[in-house]
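A.B. asks: I'd like to ask some things about the structure below.
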Amino acid sequence: MSDSTSQGNRPINRRALLGVTAAAGATALAAPALAQENATIEWKMVTSWPKNLPGPGVTAQRIANRVGDMSGGRLRIRLYAAGELVPALGVFEAVAAGTAQMAHTASFFWQGKIPASVYFTAIPFGLLPHEHIAWIEQGGGQALWDELYAPFGLKPVMAGNTGVQMGGWYRREINSLADLKGLKIRMPGLGGEVMRRLGATPVSLPPGELFQALQTGVLDATEFLGPWSDRAMGFHKAAKSYYTPGFHEPNGTGEAIFNQVALDGLPEELRAIVLEACKAENGRALAESDWQNAGSLKLLQEEAGVTVRFYPEDVLVALRETAAVVLAEFAEKDPLSARIQESYTAAIVRLAPWSDVAMRRFLVARDG
């Protein structure tokens, strides 16, 4: 996944966006509410992904297909890959303005304009996929997410999950903290800020530009997702050291965002179909990612000569300590950010002991 570009990071004028959205709602986006119950409704979905990218690109297309099938063709969603209708990191603004009715993306792309958005994808040393879903669905996370996006006329939901992420592809080995100094790395979200404070230089690029940047040396390192998507992107052709753990993204929630006027304008049963199609994709995509990542990691090691490396312990300690400082400062940005961090932290406190008893101990026992 990617961080924001200069366009994606441009501050949003909330009044302007709400005005545009309201105008759009008075025309095309409100039309479904006036249509006959059996009329065909057509939507546009813009995404931040290259077309059919294994992982999130596949998920986005599957959601569109499922909505069409479940609605008996009454609601048809046409998918536009990154750059086909709007830039990869322009989808938030496009949906807010009514250019498209929905998008498939990742929330931490909006860190530059909505800092707390990062919590709804992943934060360093944060919740694992099943824990994140529990927070959103059971721990009050969804209500906070809705509140965060409401000023832009948007409704966000989980829509797929690429699972636990890898730490990234490095053109040179990391043997100590000194090796992070000056390292040009693409790492979105708060992980990039943690790296910056340890001397690295985070670089913001959309997914489609990452391979060339790594190959040409514009980047010394890049993270993206897991082995399945990373192999499809070809990173192993430009770097052979594949680091773990993905401290910066222990979770990979995909985000669907809807223009609220468009969503409200759907007949009730179609609105339910759209939301349930996104929800169903969370389990399917996570299972698919785990299965495909396992197979792709084996191919990368055995056929492409990739070496899986572990961050040195002193580097991990520094990353963890720095992340704690960054998160503590984050809560001071505004009251809503503070409430989101408080809720997220409470979820970790509640869930971590159970994950330790139920999962960590079992894995140790299973491995002998």
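Any read-out appearing in this document is the output of simple, stated calculations on the displayed coordinates, not a laboratory observation. This is a predicted model, so every value here is computed, not measured. Here Cβ is always computed from backbone atoms with ideal geometry, including for glycine, and neighbour counts include all displayed protein chains.
A.B. asks: Over the Cα atoms of the chain, what Rg and Dmax result, in angstrom?
C.D. replies: Computed over the Cα atoms of the chain, radius of gyration and Dmax are 20.3, 65 Å.
A.B. asks: Mind running the shape call on the stretch 80-223? Use the C-alpha gyration tensor, a ≥ b ≥ c as the square roots of the eigenvalues: rounded below 1.5 for a/c, prolate if a/b tops b/c, oblate otherwise.
C.D. replies: oblate
A.B. asks: With an 8 Å cut-off on Cα pairs and a minimum separation of 6 or more residues, tell me the relative contact order of the stretch 205-284 in percent.
C.D. replies: Dividing the mean separation by the residue count of the stretch 205-284 yields 21 percent.
A.B. asks: Could you give each residue of the stretch 158-166 its phi-based ³J(HN,Hα) in whole Hz, using Karplus coefficients 6.51, -1.76, 1.60 with θ = phi - 60°, and x for Gly or Pro?
C.D. replies: Values per residue, Gly and Pro as x: 5, 8, x, 7, 8, x, 5, 8, 8 Hz.
A.B. asks: Any idea which of W43, A143, S241 is furthest toward the positive side of the dipole for the chain, if Lys and Arg beta-carbons carry +1 and Asp and Glu beta-carbons -1?
C.D. replies: Checked the options; the winner is S241.
A.B. asks: Continuing with the same structure: Angle, helix 335-355 long axis vs. longest principal axis of the chain, Cα atoms, 0 to 90°, nearest 10?
C.D. replies: So the inclination is approximately 60 degrees.
A.B. asks: For the residues E131, E42, what sequence is obtained by ranking on other C-beta atoms within 10 Å, fewest first?
C.D. replies: E42, E131
A.B. asks: Let me check I've understood the local charge: for K184, count other residues with C-beta under 10 angstrom from its C-beta, Lys and Arg +1, Asp and Glu -1. What total comes out?
C.D. replies: With Lys, Arg at +1 and Asp, Glu at -1, the net is +1.
A.B. asks: While we're on this one: Quote the FRET efficiency, to the nearest 0.05, computed for T201 versus D69 with a Förster distance R0 of 45 Å and r equal to the Cβ-Cβ distance.
C.D. replies: Efficiency for this residue pair is about 0.45.
A.B. asks: Let me ask something else about it. Using 7 Å Cα-to-Cβ label points, what is the W354/E302 separation (nm, one decimal)?
C.D. replies: About 3.7 nm separates the two model spin labels.
A.B. asks: On to the next question. Give the share of C-alpha pairs in each 10 angstrom bin for the stretch 256-301, from 0 to the last occupied bin, in whole percents, shortest bins first.
C.D. replies: 23, 32, 21, 16, 8, 0
A.B. asks: Could you pull out every residue, at least 5 positions away or on a different chain, whose amide H is within less than 5 Å of the one on M187? Hs are placed 1.01 Å off N in the peptide plane, and Pro or chain starts have none.
C.D. replies: Residues meeting the criterion, in which the H sits 1.01 Å from N, are V203.
A.B. asks: One quarter of the convex hull surface, Cα atoms only: what value does that give for the stretch 238-350 in nm²?
C.D. replies: With the hull built on Cα positions only, its mean projection is 11.4 nm².
A.B. asks: Just to be sure I understand the model, the point goes 7 Å from the Cα along the line to the Cβ. What's the resulting A39 to A143 distance in nm?
C.D. replies: If labels sit at A39 and A143, their model points lie 3.6 nm apart.
A.B. asks: Another question, if that's okay. Given H placed 1.01 Å from N in the peptide plane, which residues other than close sequence neighbours of I41 have an amide H under 5 Å from its amide H?
C.D. replies: Counting only residues 5 or more places away or on other chains, the set is L75, R76.
A.B. asks: So if the hydrodynamic radius of the stretch 207-261 is defined as the Kirkwood radius over C-alpha pairs, what does Stokes-Einstein give as its diffusion coefficient at 10 °C and 1.306 mPa s, in µm² per second?
C.D. replies: 123 µm²/s
A.B. asks: What Kirkwood Rh does the stretch 310-368 have if only Cα atoms enter the pairwise 1/r average? Answer in Å.
C.D. replies: 13.8 Å
A.B. asks: Work out the length of the dipole vector of the chain about its Cα centre, built from +1 on the beta-carbon of each Lys and Arg and -1 on the beta-carbon of each Asp and Glu, and round it to the nearest 20 debye.
C.D. replies: 560 debye
A.B. asks: Grab every C-alpha pair in the stretch 27-147, bin the distances at 10 angstrom width from 0 up to the longest one, and report whole percents.
C.D. replies: Each 10 Å bin holds this share of Cα pairs: 12, 34, 37, 15, 1.
A.B. asks: Taking 8 Å as the Cα distance limit and 6 or more residues as the minimum spacing, I'd like the relative contact order of the chain as a percentage.
C.D. replies: In percent, rounded to a whole number, it is 24.
A.B. asks: Nearest 10 degrees is fine. How inclined is helix 313-330 to the longest principal axis of the chain, computing both from alpha carbons?
C.D. replies: 40 degrees
A.B. asks: If I model a spin label at E276 and V364 as a point 7 Å from the Cα along the Cα→Cβ vector, what separation in nanometres do I get?
C.D. replies: Calculated label separation equals 4.3 nm.
A.B. asks: So what's the stretch 167-283 giving for Cα Rg divided by 2.2 N^0.38 Å, two decimals?
C.D. replies: 1.36
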